[in-house]
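Step one of this worksheet: look at the structure below.
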Amino acid sequence: MKIIFQGDAAPGVTVVSNEFIDRYMPSVNGAYVKVYLYLLRHRGEEVTDARIADSLELTEGDVKRALLRWQREGLIAGDIGQDGLRETESGYELPETPPEPEPLPESPEPEPAEPVLPPAKLPDKSGVDFRRLQDDSEFAGLSYALQRYLGRTFSQTDTETVAYLYGTLGMSADLLIKLGEYCAEKKKSSLRYFEKVALDWYERGIRTPEEAEQRGQSYTKEVYAVLKAFGIRDRGPGVEEQKFIEKWYREYAFSEELVVEACSRTLRHVNKPSFPYADGILTRWHRAGVHSMRDIAEEDKKREETGRKKGAESGAKKNGTRFHNFEEREEDPNDLVLQQLKRKLEQES
């Protein structure tokens, strides 16, 4: 079929380089491609996030992410600050001749045999080398496996999250697949949950599937110790109870011995299992800097001495004048909370 254009003027043409089609387009979602083509079409014009979003029926957030992506790839340039590409009064500009990307090495550099220990601050996500990962067969297999385990098709954001964990943090494919298995067992398909657990493993120095397995067994042992101390044998912990256990072991970093001691004291005081009451005891110990059974003994001794001293002072004030016909009390707020909780539990029994 022969196409004839009406009029004498030649039709407008927007040229897209083969380099863009071959190298960049396969690894990004359609919204990013649409934004780049729009910029090509309107090269030299003043454009803004709002104008691009309205023309392409995208959100301004989608547009800004696309612009930042193409800025990182070196395909567009503008007013660039420490936070990346920023919108100016004249909008974003596309250079007359997009820079040619550096050629890829024939084979990607091998990952270091020993993973680097996590730094004090996690690297920024913008440092992911997507061009290298594009030819990484192991990353492609990892992405496919995780989509199967999580039961979802990855979006561009999902892919960038996995690429960050694998390419920037250096977490092995075997370890991330182990995490995918864990999420599948827990019926967790959210990438936000996946990323949260992965970062927790990374910060705790977990680098192999074996270490992750040991970590899981250790947590199971810790949970069992709490349930045994409370005399709970017919069920596992509920959601809120799991949060308490995580708090005691992870946030407070208490040993199993101290947690079991707090559970035992709870039973002695309220005659029934109570995670909130045990949490009150452990929170008080945490604030007091308790780290061992010896510390607990010293803390108990201090509290007894303080109680006797306050009782003596209260008695002296009461007997010192006839106008003092009430007992003045200065109690630890934590004790008051525990006492109120104890009374509430007794009423519920």
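Observations on the structure shown:
- Loop-located trypsin sites (Lys or Arg not before Pro) in the stretch 122-200 (DSSP state not H, G, I, E or B) with no more than 11 neighbouring Cβ atoms inside 10 Å: 186, 187.
- Sites listed here are GluC sites (Glu not before Pro) in the stretch 21-62 whose DSSP assignment is loop and whose Cβ has at most 16 other Cβ atoms within 10 Å: 45, 46, 57.
- The stretch 213-271 - percent of accessible surface contributed by carbon and sulfur, probe 1.4 Å: 49 percent
- Accessible area of residue 21 in the full protein assembly, 1.4 Å probe (Å², nearest 10): 70 Å²
- Think of a 1.4 Å ball rolled over the protein heavy atoms: the stretch 152-220 then has 50 Å² of accessible area per residue.
- Restricting the stretch 199-270 to trypsin sites (Lys or Arg not before Pro) that sit in a DSSP loop and have at most 13 other Cβ atoms within 10 Å of their own Cβ leaves 204, 233, 235.
- Its residue count N sets the reference 2.2 N^0.38 Å, and the alpha-carbon radius of gyration of the stretch 140-250 equals 1.18 times that reference.
The values are calculated or read from the model by the stated rules, or taken from the named source; none is laboratory data. Quick caveat, the model's predicted, so the values are computed rather than measured. Positions of Cβ are generated from backbone atoms using ideal geometry, with glycine treated the same way; all protein chains shown enter the neighbour counts. For accessibility, only protein heavy atoms count, side chains too; no ligands or nucleic acids. Shrake-Rupley method; radii C 1.70, N 1.55, O 1.52, S 1.80 Å.
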